[in-house]
Amino acid sequence: MKLTYLGHSVFMVEEGSFKAIIDPFLNGNPSSPVKPEDIKGLSHIFVTHGHGDHIGDTVELAKSNDALVITNAEISKYLSEQDVKVHAMHIGGRNKFDFGVVKLTPALHGSAIPTENGPRDGGNPCGFVIEVNGKKIYHAGDTGLTMDMILLEIEDIDVALLPIGGNYTMDITDALRAVEFVKPKLTIPMHYGTFPVITADPEEFKRKNKISDTRILNPGEVFEF
Ligand code: NI
Ligand code: MN
């Protein structure tokens, strides 16, 4: 599995013919090395919640790539009204797709979708456990530390993508506790440094993380496992 970090909470996930992007905030993302028009051949898009820095360029990318969007029911409804192909799921739900298995995990956060007519209800925010060819990642989305994360230990996560930037999500202290709960083999920190209010030092997270390996990715960098 090939993970490409595109800054903030944006990851490309590739395994065989499966080519997905999670939370595609590219336009307006000061840390993204690419623009939506640079991205070709996407099969799937995952959206954790409705905030602009996560739903991002979903509509444009879904249409230009004819990609299927996997997200919660409320965001699915919003996107389907814009002629985007969607597969609606909800918190705790697991589904087998042709590429693998997806489970929606709880996130402690908001999910309002910014629209021309003001904010719209985006349902519950979520994270994703995505398994393809026996390789399993957990993208936490935007979330505070929750006791629910203990339940993820049984999932045998290979790589956890966890926010560390604080203010809107877990900070380094809480993300370290999340690693203790989830017990992934490796953790990649995300959702830091994009804006001044979420400044955090990933090296501090790496130094203090005694539970899993840590890999810090600069935007554009790739990790394969
Ligand atoms: Ni958010
Ligand atoms: Mn966010």
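What the table below lists for this structure:
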read-out: Residue count, segment 149-170 (criterion: part of a strand (DSSP E or B) and among the aromatic types (F, W, Y)); value: 0
read-out: Residues being under 22 Å from D148 (Cβ atoms) and in a strand (DSSP E or B) - total across segment 96-111; value: 6
read-out: Yes/no for A175 being of a type in the set (G, A, S), away from ligand 2 (no atom under 15 Å from the Cβ) and within 16 Å of the chain's Cα centre (by Cα); value: no
read-out: Residues of segment 93-123 satisfying the condition of being within 16 Å of the chain's Cα centre (by Cα) and under 30 Å from N133 (Cα atoms); value: V101, V102, K103, L104, T105, P106, A107, L108
read-out: Some residue of segment 135-148 being part of a helix (DSSP H, G or I) and farther than 20 Å from H44 by Cβ; value: yes
read-out: Selection count, segment 132-147, where residues are buried (at least 18 other Cβ atoms within 10 Å of the Cβ), within 23 Å of P24 (Cβ to Cβ) and either in contact with a helix residue (DSSP H, G or I) (Cβ under 8 Å, 6 or more places away or on another chain) or not aliphatic (A, V, I, L, M) (or both); value: 7
read-out: In segment 129-164, residue nearest to ligand 1 (Cβ to nearest atom) [restricted to those that are among the polar types (S, T, N, Q) and closer than 11 Å to A178 by Cα]; value: T143
read-out: Restricting segment 40-53 to residues that are within 16 Å of A20 (Cα to Cα) and in contact (Cβ under 8 Å) with a residue 40 or more places away in the chain, the residue that is nearest to ligand 1 (Cβ to nearest atom); value: T48
read-out: From T199, T173, T187, T169, residue being among the hydroxyl-bearing types (S, T, Y) and within 16 Å of ligand 1 (Cβ to nearest atom); value: T169
read-out: Which listed residue, of H139, H87, is within 16 Å of ligand 2 (Cβ to nearest atom) and at pLDDT 95 or above; value: H139
read-out: First in segment 54-81 and in contact (Cβ under 8 Å) with a residue 12 or more places away in the chain, second anywhere and hydrophobic (A, V, I, L, M, F, W, C) and in a helix (DSSP H, G or I), Cβ under 6 Å, 6 or more apart; value: V69/A62; V69/L79
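The values are calculated or read from the model by the stated rules, or taken from the named source; none is laboratory data. Here the structure is a predicted model, which is why all the values come from computation and not from measurement. Virtual Cβ from ideal backbone geometry, glycine too; neighbours counted across all protein chains shown.
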